[in-house]
Amino acid sequence: MRERRKYIRIPNESQIKYEIFGNPKVYSSVLHNISPDGLSFIAHDFIPIGTKLKITFAYGDYFYGGSAKLIWCRKEGDIKY
């Protein structure tokens, strides 16, 4: 099967903090992988597609932060990505 992504995904199990715009609660979780086009992380609850998030995470010795828009969310057992 041909990969549809423009960029490869690099495994990364760093901590990520995210919050949903308009909700002051900050969630802490674990990244799954990352690429120049996006990232995947484990969410504690379902997040609707299109939701805008504020995210911060480390990659190596550097910290990154910014805004993101959720493209997909799926349930895998008791864990959601």
Additional length obtainable on full extension of the chain from H32 to R74, 0.36 nm per residue less Cα span: 13.8 nm
Partners for K25 among lysines (Cα-Cα distance below 25 Å; same-chain residues under 8 apart left out): K17, K52, K54, K69, K75, K80
Within a Gaussian network of the chain (alpha carbon springs, distance under 10 Å), most fluctuating of Y62, Y18, Y27: Y62
Cut-off under 5 Å, modelled amide H: who pairs with T51 long-range: L70
Residue with peak Gaussian network fluctuation, the chain [Cα springs, cutoff 10 Å], from K17, K69, K25: K25
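Throughout, read-outs are computed from the coordinates displayed, never taken from laboratory work. Owing to the predicted nature of the structure, the values given are computational and were not obtained by experimental measurement.
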